[in-house]
Amino acid sequence: MSATGPAPTFDPRPADAIRSLLVDRLLPPGARPYARLMRLDRPIGWWLLLLPCLWSSALASASLGQPPNLLHFLLFFAGSVLMRGAGSTWNDIVDRNLDGAVERTRNRPIPSGAVSARQAALFMAGLLAVSLLILLTFNRVAIVLALTSLVPVSIYPFVKRVSNHPQIVLGLAFAWGGLMGWTAITGALALPALLVYAAVIAWTVGYDTIYALQDVDDDPGVGIGSTALAYGDKVPQFVAAMYALAVLLLLAAWGLAVPRGWLALAGIGAFAGHLAMQVRQIRLKDPGHSLMQFKSNRDAGLLLSAGLVAEALVRSL
C-alpha cells in the first residue's frame with residue numbers, strides 16, 4: 001500500500017455494461033474478453049436486433065391466420081445474439097484506436113490489450129460461421145436478405161467518421177429483422193414488411209440518438225459524428241419526430257396486414273405511449289439517465305411484441 005492509499009483496481013467492464021453472472025463469474029478468465037466483445041454483459045443490443053424479427057414474424061403469422069412460429073423465434077434469438085456479437089467485434093476492430101480515447105469505451109477488450117485485433121477477427125469469423133448454419137434453416141429469400149444485411153453492418157463504423165447521421169446506417173442494419181421475420185414465414189417480401197423495416201429504422205435513429213448523448217463531450221475530440229451532436233438542444237424534438245414516424249409506419253403496416261386487429265393495435269398504442277414517455281424525460285446532460293432511457297426500449301419493444309403475438313394467437317383459433 002502506498003502512502004496515499006491502496007492502488008486503484010482495474011475494472012474491465014465498460015461503463016455501460018451490467019454485472020453479468022456469466023461474464024464476471026462463471027466463464028474462465030480467458031473467455032471473458034471474448035464474451036465482452038460479444039457484448040454478453042450488455043444484452044440490450046441483441047434485444048434490439050431480436051424484437052423487429054418478432055414483430056415481423058408475428059405480423060406475418062397474424063395476416064395468414066397462423067399461430068406464432070416459436071421455432072423461428074428461437075432461431076432469431078440465437079441469430080441475434082451471434083450477429084450482435086459479430087457486429088460488435090467488427091466495430092471494436094475498426095474503432096480500436098478511437099475507443100481508447102473515449103471514457104465509456106477505453107476498457108473494451110481490444111484497446112485495453114485483453115484481446116488482439118487478430119484474435120478478435122478470428123473470433124468474429126467463428127461467430128459468422130455459426131450464424132450461417134442457423135440462417136441455412138430458413139427459406140432462400142430469407143437467406144439472401146440476411147446476407148445483404150452485412151453491407152450496412154460492415155460500413156457503419158466508417159460512416160460515423162464522416163457523417164453526423166451514422167444512426168441512419170445503424171438503423172438500416174438493426175431493422176433487418178423487420179424483413180427477415182416476414183419472409184421467413186411467407187417466403188416473399190411484401191409492403192407490410194417494408195413498412196415495419198422503415199419503422200424500425202426511424203425507431204433506431206431515435207433511441208440511438210438518446211444513447212449518443214452519453215458521448216457528446218468525447219466524440220468531437222476523436223472525430224466521431226452523431227445525431228446527438230447534429231441536433232444539440234433540439235434532440236428531444238428530433239427524437240420525437242423519429243418516434244412519431246416509427247408509430248405512423250407501424251400503423252400503416254397494421255392496416256395492410258391485420259385490419260381491425262385490435263390486439264395488434266393495442267400493442268402499437270402501448271409502444272407509442274412508452275416512446276412518448278421517453279421523449280418527455282430526455283435529459284441532455286445526464287449520461288446515466290440517457291443510458292437508462294436507451295435500455296428501456298427493450299420494454300417498449302416487448303409491449304408491441306405482446307400485442308402482435310396475441311393477435312396471431314387469436315386469429316389462429
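Where a number appears in this text, it was derived from the coordinates with a stated rule and is not lab data. All values derive from a computational prediction rather than experimental measurement. Neighbour counts run over all protein chains shown; Cβ positions are idealised from the backbone, glycine included.
For the chain, find the longest principal axis of its Cα atoms and tell me its angle to the long axis of helix 150-159, 0 to 90°, nearest 10.
It works out to around 40 degrees.
Mind giving me the FRET efficiency for Arg283 and Arg106? R0 is 30 Å, r the Cβ-Cβ distance, nearest 0.05 is fine.
Calculated value: 0.80.
What's the extension gain from Ser154 to Asp217 if we count 0.36 nm per residue and subtract their Cα-Cα distance?
Result: 20.1 nm gained on full extension.
Given the C-alpha centroids of the range 103-133 and the range 143-168, what is the distance between them in whole angstrom?
About 18 Å separates the Cα centre of the range 103-133 from the one of the range 143-168.
Apply the Karplus parameterisation 6.51 cos²θ - 1.76 cosθ + 1.60, with θ equal to phi minus 60°, to every residue of the range 166-179 and state each ³J(HN,Hα) to the nearest whole Hz, in sequence, with x for glycine and proline.
x, 4, 5, 5, 4, x, 4, 7, 5, 7, 4, x, x, 8
If we count other beta carbons within 10 Å of each Cβ, what is the order of Asp218, Asp92, fewest first?
Asp218, Asp92
Considering the chain as a Gaussian network with a 10 Å cut-off on Cα pairs, which listed residue, Gly181, Gly171, Gly221, attains the greatest mean-square fluctuation?
Gly221
Any chance you could check the Cα centroid distance between the range 194-226 and the range 55-85 for me, in angstrom?
Rounded to whole Å, the Cα centres lie 25 Å apart.
Tell me, what is the FRET efficiency for Val144 and Asn164 to the nearest 0.05, using R0 = 35 angstrom and their Cβ-Cβ distance as r?
Details: r = 32 Å, r/R0 = 0.92.
For Val144 and Asn164, the calculated efficiency is 0.60.
At a Cα cut-off below 15 Å, give the aspartates and glutamates reachable from Lys285, other chains included and same-chain residues fewer than 8 away excluded.
Those aspartates and glutamates meeting the cut-off are Asp215, Asp217, Asp218, Asp219, Asp233.
Return the single residue from Ala272, Ala60, Ala188 with maximal mean-square fluctuation; model: Gaussian network over the chain, springs between Cα atoms under 10 Å.
Result: Ala188 has the largest fluctuation of those listed.
If you plug each phi of the range 300-309 into the Karplus form 6.51 cos²θ - 1.76 cosθ + 1.60 with θ = phi - 60°, what whole-Hz ³J(HN,Hα) values come out, in order, with x for Gly and Pro?
Listing the rounded values in order: 4, x, 5, 4, 5, 4, 4, x, 6, 5 Hz.
Given the DSSP H assignment, sum -39500 (n - 2.57) over each helix run of at least 4 residues in the chain and divide by its residue total; what's the result at 222 nm in deg cm²/dmol, nearest 500?
So the helix-based figure for the chain works out to -21500 deg cm²/dmol.
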